[in-house]
């Protein structure tokens, strides 16, 4: 059973979801079992990640069909780390939703669907076959449709329509790209495609397929011209749902882009330049959007767009240092964004509003909590010892080494604007005196919660802040992992060998 | 719909259609058919019965809530996928009994996967249709 470790992070959420469905009407049991399931998934992902950090590329072929014919799951260091972080974030969100998700939503299957969403996320990080990747994307999309509409509030349905339309469009474009590649080269396996693309002379059509995939993944990860659905929908569902969306869903698009543009479409000047232009635009526009918003969750939504730009910029440069920074940023951002949305949910519980003008006085009343929140919020900006600092440093160094003034300007400006956005939240929610405390008091649910529920709400934020601090203070370790990711990404041959020739398969 | 012809016909059609759905399910491995189509046919059988005799009668006939079939089917499919892992083979490897069984043909883990799909499709379709017709 140990040799099957590659598949456990996908199977465990599925098994948990099935078990949860048997307790459809008992939300109390669902809350407990769901947490246990997420815990087990986290343990198996941790195990998988530790094995991939040795530099091995683990593979598993479901159905025992050899690689280019059957599908394959591949775990290299990038997949391993992402599966680990996805499981960690999902665990934190699940613990948060034990208290924050009411009986109404739990009764319509919130917890099983959350498990299936995690299954889709882990599946797409591990897929070694581009059509299989598409299928996992669909699993993610369908579960996220349910999560975003669950509860059927008016605002939710409005947000869901924008979200659903754009994501279905993205899937269609992605599928068209796959169809073109399959029509041209007759293969769907990523490693096999990599060989066939390097041998093919049909550069024009392959570039069109590349652009189709770029647009498809671009919509999903909300980069510059295709971002508007994100701030229109992410602030509508409950905080726990926006946390897992904001932390992970856009990152799947980024991951797919990294995979495709490192393995399949290598050394294409046109696409690299386009990526840098899109990246700079997303950074600036996302950050500009963030500083004018009043709703805390809208601020974070715009910051997602801005910070996706950092990763795409690193991918566009494609120097060792840039990849190091980009991958580090990806890891940091998953934890930081999930945490930011969870914190906004907790602030809602403490003050009864998401809007900055209705908040205030938190530091005065909860000094220790506020310091924990500050650590999480300022790691978004990249204040030195925290996790956001190192990837930004690497990315800046990389753009200076390349003398790419656009990217340098973009990174500096976007970081500065992010600082303004976060400081606005800090001033409005923590330092300012509450404008009308007596009136707001009625909407505050925090005072009615029993003590153990307060602790359950704080635990996930503490876990994620801890993870963020670990990444910042123990940056050498994470940087080693990122370097391993770079060596694996920059030499597609190791990936191809692992998939096609020496499969570490069970007999 | 209160026509005596449909009522009488549905009584005979229900077992026939169910039998046919199982036939389609078993035939599915090498020929057109399989769990998905079989499940749809079985669901149609119950929907027809509900049309003719009213929803309450069909629900009484089924005894269990159709939604319950979904986790059961998923569980059967998941177990059939995981069974090879006990024999240290990758997930979803087909396990086959060496000699064919009369009527059914060759027996393998793929059949149980399909049975799972069959149940999930019945469960999902009937849950949707019953929910729609309940809230008139």
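Numbers for the structure displayed
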read-out: Residue-averaged [θ]222 nm for chain A, counting only DSSP H segments that reach four residues, each worth -39500 (n - 2.57); value: -24500 deg cm²/dmol
read-out: Global form of region A:197-277, assessed from the alpha-carbon gyration tensor, a/c cut-off 1.5; value: prolate
read-out: Per-residue average of Cβ from other chains inside 10 Å of B:68-75; value: 4
read-out: Shape call, the protein assembly as shown: gyration tensor on alpha carbons, a/c limit 1.5; value: oblate
read-out: Average beta carbon contacts from partner chains per residue of B:86-97, 10 Å cutoff; value: 5
read-out: Relative contact order of region B:4-134, pairs being alpha-carbon contacts under 8 Å that are 6 or more residues apart, as %; value: 30
read-out: Cα-projected label distance for residue B:31 with residue B:132, points at 7 Å along beta-carbon direction, nm; value: 3.1
read-out: Chain A: angle of helix A:475-490 to the longest principal axis, Cα-based, in degrees nearest 10; value: 30
read-out: Distance between region A:403-424 and region A:322-375 - C-alpha centres, whole angstrom; value: 19
read-out: Cα long-axis angle, helix A:367-381 against chain A (0 to 90 degrees, to the nearest 10); value: 30
read-out: Gyration tensor verdict on region A:397-462 (Cα atoms; rounded if a/c is under 1.5, prolate if a/b is larger than b/c, oblate otherwise); value: oblate
read-out: With Cα atoms, 0 to 90° folded angle of helix A:389-401 axis to chain A main axis; value: 40
read-out: Square roots of five times the Cα gyration tensor eigenvalues for region A:19-95, Å; value: 29, 18, 8
read-out: Inter-probe distance in nm under a simple model that places probes 7 Å from Cα toward Cβ, at residue A:50 and residue A:274; value: 4.3
read-out: Peptides ranked, highest mean first, by Cβ atoms within 10 Å: ranges A:7-15, A:75-83, A:58-66, A:334-342; value: A:334-342, A:75-83, A:7-15, A:58-66
read-out: Residue B:65 versus residue A:203: modelled label distance in nm, points set 7 Å from Cα along the beta carbon direction; value: 6.1
read-out: Area projected by the alpha carbon convex hull of region B:4-134, averaged over all directions, nm²; value: 8.9
read-out: Burial order of peptide ranges A:419-428, A:391-400 (average beta-carbon count within 10 Å, highest first); value: A:391-400, A:419-428
read-out: Cβ neighbours within 10 Å from other chains - mean over A:59-68; value: 3
read-out: Inter-part distance where region B:23-39 and region A:1-28 are each reduced to a Cα centre, Å; value: 27
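Every number in this text was worked out from the coordinates using simple rules, so none of it is lab data. Owing to the predicted nature of the structure, the values given are computational and were not obtained by experimental measurement. FYI the Cβ positions are ideal-geometry reconstructions off the backbone, even for glycines, and counts take in every protein chain you see.
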